[in-house]
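Some notes on the structure that comes next.
The values are calculated or read from the model by the stated rules, or taken from the named source; none is laboratory data. Worth saying up front: this structure is predicted, and the values here are computed from it rather than measured. For neighbour counting, all protein chains shown are included, and Cβ atoms are generated from backbone atoms with ideal geometry for every residue, glycine included.
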Amino acid sequence: MFKELHCKECGAAPKGMKQCHELFDDLLGIKYLGDGEAYRLAVACYTFQHPHSHSAKAWHYAHAYLTAFVHDNLPSKQARQEANATLHTLNPEKLELESPLLHQEIPWPHSILDFSNEVQRTPIEAAETWAHSLLQAQEEWFYKLSK
Ligand SMILES: [Zn+2]
């Protein structure tokens, strides 16, 4: 597979003729399967990996949501409430600049391609796997940078 066809943001290979953002459009269909939590979590994972395709605010929300869900082990709905509260405490400069830039070099082991290829598990299980994988990659990356 030609590297230039891979997503510039998350590094995912295309699936057939579909690019990352098209798989994301497909993902919107999950919403109508009645699994709202899986949908919300998957959207947060996607947003976290694509800071340039989203507003800084959306990215920080996704980051806070995933952190509360994975690290604080909160149920998805509560993690979202936590993320909303976090957003109100961030100043605009921090929202604009800081974190997305620090994340753009992370070699993500999991993408929307993996999520979309997941057939064994339910949407919520697949979304949880994605979320955990992203925060683990983030942690390992910052650990490596700190050495
Ligand atoms: Zn991508």
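So I30 fits all but one of (1) surrounded by fewer than 20 Cβ atoms within 10 Å (Cβ to Cβ); (2) of a type outside the set (G, A, S); (3) more than 16 Å from the ligand (Cβ to nearest atom); what number is the exception?
(1)
Do you know which residues across the stretch 42-84 are without any contact (Cβ under 8 Å) to a residue 60 or more places away in the chain, outside any helix (DSSP H, G or I) and away from the ligand (no atom under 16 Å from the Cβ)?
Hits for the stretch 42-84 are S55, D72, N73, L74, P75.
Kindly provide the set of residues from the stretch 8-23 that are surrounded by fewer than 16 Cβ atoms within 10 Å (Cβ to Cβ), closer than 20 Å to A137 by Cβ and near the ligand (Cβ under 8 Å from one of its atoms), ordered by number.
Within the stretch 8-23, just K8 meets the criteria.
From the residues in the stretch 33-59 that are touching a Ser or Thr at 6+ places or on another chain (Cβ under 7 Å) and surrounded by 22 or more Cβ atoms within 10 Å (Cβ to Cβ), which one is modelled with the lowest pLDDT?
Out of the qualifying residues, it is W59.
Which residues, taken from the stretch 78-105, are at pLDDT 85 or above and within 16 Å of the chain's Cα centre (by Cα)?
Those that are at pLDDT 85 or above and within 16 Å of the chain's Cα centre (by Cα): A79, R80, A83, E105.
May I ask you to say which residue of N73, N84, N91 is at positive phi and not aromatic (F, W, Y)?
None of the other options fit; the residue is N73.
Looking at the structure I just gave you, is I112 at pLDDT below 95, more than 11 Å from the chain's Cα centre (by Cα) and of a type in the set (V, I, T)?
It is false that I112 is at pLDDT below 95, more than 11 Å from the chain's Cα centre (by Cα) and of a type in the set (V, I, T).
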